[in-house]
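Working notes for the structure below.
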Amino acid sequence: MKAVILIGGFGTRLRPLTCTRPKALFPIANKPLLQMIFEKLAENGFDEAILAVNALTEFHIKQQRLSRCGLKLKFSRDPPKMPLGTAGPIKKAEKLIGHEEPFLVLNGDILADFSYKELWESHNEDKAVATIALHEVDDPTRYGVAELAADNRIKRFIEKPAKGAAPTRLINAGAYVLSPKIFSYIPAGRAVSMEREVFPRLAEQKIFYGRKVSGLWIDMGKPEEYLQTNRIVLNTLRSKQDKPMKGRFEVKPPVAIDKGVVIGENSVIGPYAVLGRNVSVGCNVHISDSVVFADAKIGDFASVTGALIGEGVVVGKKTKIVEGCIIADQAKVKDGVALGKGVSVCPAKEICEGT
């Protein structure tokens, strides 16, 4: 059983953090999203994963040395300076995928908890060319929307419909099973949109099926969604954590604190704080509703609320970083600086004054 993971995008909505890492390697409660996907694939009986990447994403993934969870990994790289969209990478990986059996395709920026194996089995039962997982949302205008017939056949598929034009609230959940016949629907050598070019055609030919899925599902495309993803996972850990811990410093669950973290006296961590490996927190610091990546240093009397702090960032003493702020990798925020709501700091930049 093979799976193709689409992780060749540039993550523009999560910049500047995606300037130095792909979205698939963003940590969720200190575990990279791609690692979670590998674990889920292994649990569902898959034995091979083909990663559709660009050159930079491939480099970062190989640097991470993630646990493969028993999966055989292969890479299929987009041509330089020629992104292939959402269907082009599948055509590009045709030789790696083969024509022997159906295969699973996953968007690499979705965190979901449903059975890939059941989706695979329903695809085989229906003898479909494509079977897509569908999730119900309040606002479908950001996604591809499907209209289902009684036999689970998709009558229409509309990508990002205008407000009020969506036929249902069932959206593309970022997981679908494809039969090898799909390769004949995807032109080679150019960018192709699965959602705008391939899926509508399959629906017209009545060979496109959908299956509703429930449970955890979240698109990690925006900073606020990334923070929400961490909140959801932290809530699942809450029952395993002790009550608030007080001593030299205070920890208010739920939190995720990785190895090598050092916390100074009278600091308060949490609720909903994630501290990556080897993070250093000074004295009298307050961190809540935030994700702090590995090797960051937070100075004495600093306050971090609702923010994303990148890898190796140095936050000075008596700084204030508030909701919506994103400090990219290796940046420095000098002592006493207060950043306003929604401020982003580029990688390795030094901030000396408040904004």
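The values are calculated or read from the model by the stated rules, or taken from the named source; none is laboratory data. In this text, all values refer to a predicted model and were calculated from it rather than measured experimentally. Positions of Cβ are generated from backbone atoms using ideal geometry, with glycine treated the same way; all protein chains shown enter the neighbour counts.
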Somewhere in region 210-217, is a residue assigned to a helix (DSSP H, G or I), in contact with a Phe, Trp or Tyr (Cβ under 9 Å, 6 or more places away or on another chain) and at pLDDT 90 or above?
no
Residue list for region 184-204, restricted to those being more than 21 Å from residue 173 (Cβ to Cβ) and in contact (Cβ under 8 Å) with a residue 60 or more places away in the chain:
187, 188, 190, 191
Number of the exception - residue 312 against (1) part of a loop (DSSP other than H, G, I, E, B); (2) over 22 Å from residue 22 (Cα atoms); (3) free of Cβ contacts under 8 Å to residues at least 24 places away in the same chain; (4) not acidic (Asp, Glu)
(2)
Restricting to region 66-97, count the residues that are assigned to a loop (DSSP other than H, G, I, E, B) and either outside the structural domain of residue 6 (by TED's automatic domain parsing) or of a type in the set (Ser, Thr, Tyr) (or both).
2
Pick out, from region 253-305, the strands (runs of 3 or more DSSP E) lying fully within it that include 1 or more residues that are more than 25 Å from residue 64 (Cα to Cα).
286-288, 303-305
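When residues of region 4-37 are filtered for being assigned to a loop (DSSP other than H, G, I, E, B) and either more than 18 Å from residue 174 (Cα to Cα) or outside the structural domain of residue 54 (by TED's automatic domain parsing) (or both), how many remain?
Qualifying residue count for the region: 6.
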Tell me which strands (runs of 3 or more DSSP E) are completely within region 121-173 and hold 2 or more residues being surrounded by 14 or more Cβ atoms within 10 Å (Cβ to Cβ) and among the small types (Gly, Ala, Ser), or say none if there are none.
130-136, 144-148
Under 8 Å between Cβ atoms, at least 6 apart or on separate chains: pull out the pairs that start in region 150-164 with a residue that is polar (S, T, N, Q) and end on any residue that is in a strand (DSSP E or B) and surrounded by 15 or more Cβ atoms within 10 Å (Cβ to Cβ).
152/209; 152/210; 152/211
